[in-house]
Amino acid sequence: MPSLPGPPPGTTAQLTESDSSDEARLIVRVRDGEPELFYELIRPYERRVYAATFAILRNPANAEDAAQEALLKALKHIRQFRAESRFSTWLIQIAVNEARMRKRKENSDRTEPITQNADDQGEYKPRDFADWREIPSEVLERKEVREKLSGALTSLSQIYREVFVLRDVQQLSIEETSKALGISTASVKTRLLRARLMLRDMLAPGLGGQWSSKFSFSKGEKPW
Amino acid sequence: MVVECDHVWREISNYVDDDVDPALRAAMEEHFKECKHCTAILDGARNLVQLYGDDRMFEVPLGYGQRLHRRLAGNIGKSRRTFIGWMVATAAGIFIAGSYELARSATSTRDNLRSELAHFSAPVPPDLMVVVADDGKVFHGAAACPFIHDKTKVKSLLAREAVQQGYTPCVRCMKQYV
Ligand SMILES: [Zn+2]
Ligand SMILES: [Zn+2]
């Protein structure tokens, strides 16, 4: 295979560095008596915090309340933030804890069995082998597609949903996901594998076929 | 090293995350060349990660930001206890509420979401060298990205050309721009 150029060295690193040092400065200022800058600090993450609480609670009103509460706690405990982890990961971790606490309360109120430790072991065999080509992200313009995707995610049980949302929706690393959920990296990987395979089986009939082919392409070709 | 379908399924998620050792990676790549089933699973898994990783999937209830800022303003006001602090907090709350209302009146959801995020995610540098697969939809920062569907058909071009041709940034290797 011919060797291909990657991004010019330094381009991405510089950018990330300046972004995170802006953030670090904001954190220090909020901590040292300018709480009103907290808005600016959390604005890039507001939506992600909601996505995390929703992944666990599956109810918009509860998820929103938990997200607000999590962000208030973050403000209150900002002195406890340690720069060795990313600020976004720290926020998500607080959000996950808040949502899980509510979930436990909800479960104990309803005295429902908690299926937390179910089937982490047994192997999952894929069921659908239909051919999939690369799907343009424009399909997400369609509300029905977004609804199908979030519906499929909502139908996963909590242990898979949490892992998938943190890793694949929020783009946390395996290590960050394991830290946020308080489980081993091995469990993260096992659950992620299963979540991805289950979602794939659920969505393949639509995404591999009829939904995406209804879409007309700006590139003027139909790749499947 | 030769691997069977079962083995590929167990490792497919690690493969997508670029978390398999080079020998296994090579064996899996050999297997994908021969096995349509496993290739279909791999393509599907990669598609899912790209779609779910798109910021258009971050939907929040209408008025979420406004209500959040109102609640924070109350607390920030309390913690500050100075008239100026309270004024700043309230003004920020109103300003943000206003911009959400504006954003909401935009016609497309995509513009809506993008404009809220635009302020924070850096634009892709137009002269950045990126890589696309021939029949792909996504551009990548490096040819080694495990999300490239067909590594035998890749070409490099400038990010601005990729965008013009309708490619979108990979949620994994171009993460800081998505
Ligand atoms: Zn196979
Ligand atoms: Zn990539």
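Listed values, structure above:
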read-out: Unique match (being open to solvent by 60 Å² or more (accessible area, probe 1.4 Å), more than 8 Å from ligand 1 (Cβ to nearest atom) and either in the same structural domain as B:ILE148 (by TED's automatic domain parsing) or in a helix (DSSP H, G or I) (or both)) among B:GLU11, B:GLU29; value: B:GLU29
read-out: Residues being free of Cβ contacts under 8 Å to residues at least 60 places away in the same chain and either open to solvent by less than 30 Å² (accessible area, probe 1.4 Å) or away from ligand 2 (no atom under 16 Å from the Cβ) (or both) - total across the range B:14-24; value: 6
read-out: First in the range B:34-60 and farther than 20 Å from A:ALA55 by Cβ and facing chain A (nearest Cβ under 7 Å), second anywhere and near ligand 1 (Cβ under 9 Å from one of its atoms) and modelled with pLDDT of 90 or more, Cβ under 8 Å, 6 or more apart; value: B:HIS37/B:CYS5; B:ILE41/B:VAL8; B:ILE41/B:TRP9
read-out: Residue list for the range B:129-150, filter: of a type outside the set (Val, Ile, Thr), within 13 Å of ligand 2 (Cβ to nearest atom) and facing chain A (nearest Cβ under 7 Å); value: B:GLY136, B:LYS137, B:GLY141, B:ALA142, B:ALA143, B:HIS149
read-out: Residue match in the range B:110-124 (condition: modelled with pLDDT of 50 or more, open to solvent by 60 Å² or more (accessible area, probe 1.4 Å) and not assigned by TED's automatic domain parsing to the domain that holds B:GLU161); value: yes
read-out: Matching residues in the range B:32-41 - criterion: being open to solvent by 10 Å² or more (accessible area, probe 1.4 Å) and under 21 Å from B:ARG172 (Cβ atoms); value: B:PHE32, B:THR39
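The values are calculated or read from the model by the stated rules, or taken from the named source; none is laboratory data. Just so we're clear, the structure is a prediction, and the values are computed from it rather than from any experiment. No Cβ is skipped: glycine too gets one built from the backbone with ideal geometry, and neighbour counts run over all protein chains shown. Ligands, DNA and RNA are stripped out before the accessible areas are found, and what is left, the full protein with its side chains, is counted by its heavy atoms. Shrake-Rupley method; radii C 1.70, N 1.55, O 1.52, S 1.80 Å.
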